[in-house]
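Heads up, the thing below is written out as structure tokens.
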Amino acid sequence: MEEVVRARGHEHVAATHGSTFEVTTDDWLTPAGDCIVGIEADRAPADFDDAFVDACRDPGATITLTLDVGGRTRAVRARGHPDLTFESDRSAVVRTSTYVDDRTVAVGADAAAADLDRSLVSALADGAALTLTLAVD
């Protein structure tokens with residue numbers, strides 16, 4: 001079962017945050033947004049299918065998040081959590097920690113923004129298109 005979010009990069013994408021990465025529906029980004037890798041997302045967690053959300057609430061679920069930027073890909077593995085709400089209509093955040101709020105879509109991730117390949121980040125900083133695929137097992 002999967003969900004796909006399409007977004008784009010921005011000149012301020014730095015991807016230096018050590019514990020999260022985020023995709024937002026906002027159409028702007030300041031240099032302070034060091035975890036944000038994509039803006040103008042076409043969907044937010046509140047748009048995801050109920051069956052997908054339920055599957056992600058299983059603490060044993062594995063969630064694979066694949067970032068694709070012009071053929072450059074990076075897969076990040078994370079876990080589900082019973083407290084995930086998928087209520088945010090603005091942002092999807094992947095966390096290396098177990099912290100959960102309405103924006104959180106996965107916890108215990110094996111990578112954050114700072115771990116992304118710099119060529120992928122550079123393409124995003126140039127405004128490249130981003131496809132984020134979330135798959136739950």
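Read the figures in this text as sums done on the coordinates, not as results from a lab. Everything numeric here is computed off the predicted structure, so don't read it as measured data. FYI the Cβ positions are ideal-geometry reconstructions off the backbone, even for glycines, and counts take in every protein chain you see.
Potential lengthening of the chain between ARG90 and THR73 amounts to 3.7 nm, from the contour at 0.36 nm per residue minus the alpha-carbon distance. In the list (i) 48, 37, 30; (ii) 37, 27, 25; (iii) 41, 35, 27, the label attached to Cα extents along the principal axes in Å as derived from the coordinates here is (ii).
How much net charge surrounds VAL136 when only other residues with a Cβ under 15 Å from its Cβ are counted (Lys, Arg +1; Asp, Glu -1)?
Combined, the nearby Lys, Arg, Asp and Glu give -4.
In the chain, the calculated helix contribution to ellipticity at 222 nm averages -3000 deg cm²/dmol per residue, counting -39,500 (n - 2.57) for every DSSP H run with n ≥ 4. Which whole-Hz ³J(HN,Hα) couplings does the stretch 24-37 yield from phi under the Karplus relation 6.51 cos²θ - 1.76 cosθ + 1.60, θ = phi - 60°, glycine and proline marked x? Rounded to whole hertz, the list is 10, 7, 4, 9, 9, 8, 9, x, 6, x, 6, 9, 7, 10. Remark on VAL13: its backbone amide H falls under 5 Å from none of the residues 5 or more positions apart or on other chains, H modelled at 1.01 Å from N. Seen from THR16, the other residues with C-beta closer than 13 Å to its C-beta sum to a net charge of -2, counting Lys and Arg as +1 and Asp and Glu as -1. Between ALA46 and THR133, the FRET efficiency estimated from the beta carbon spacing at R0 = 25 angstrom works out to 0.85.
Net charge in the neighbourhood of VAL76 (other residues with Cβ under 15 Å of its Cβ; Lys, Arg +1, Asp, Glu -1) is -3. Spatial offset of the stretch 114-137 relative to the stretch 29-105 amounts to 13 Å, using the alpha carbon center of each.
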